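Below: the structure, in structure tokens.
Laboratory data are not the source of any read-out in this text; all were calculated from the coordinates shown. On a predicted model such as this, the values are computed, not experimentally measured, just so you know. Backbone-built Cβ (ideal geometry, glycine too); neighbour counts: all protein chains shown.
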Amino acid sequence: MQLCLLKYENKDYLGARAFLQRYMSVSVASAGILYLASRIEDLLGNDGGRTEFEDRLIRDFPGSPETRKVLGAD
């Protein structure tokens with residue numbers, strides 16, 4: 001996960017996506033992970049991917065701070 005965050009901070013969004021996909025293939029996604037995934041997809045211009053991760057975030061973590069950000073409540 002640290003490599004994903006490093007890639008994200010360095011604006012290497014394709015690299016961040018690759019590390020995040022590997023991470024998500026072996027770990028359960030948390031609200032923070034789904035939010036990060038939606039941000040990465042948004043920055044890559046992938047509206048479908050962003051929407052998919054946001055929908056999962058809202059469904060699986062309805063009361064989380066990340067969901068409030070997505071819904072514009074924060």
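Overview of values
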item	result
Span-like helix ranges in the chain, DSSP H, alpha carbon extent 15 angstrom or more, Kyte mean at least 0.5	31-43
Candidates per chymotrypsin sites (Phe, Trp or Tyr not before Pro) in the chain, loop by DSSP, up to 16 other Cβ within 10 Å	none
Fully extended contour minus Cα-Cα distance, from VAL28 to ARG68, at 0.36 nm per residue	12.3 nm
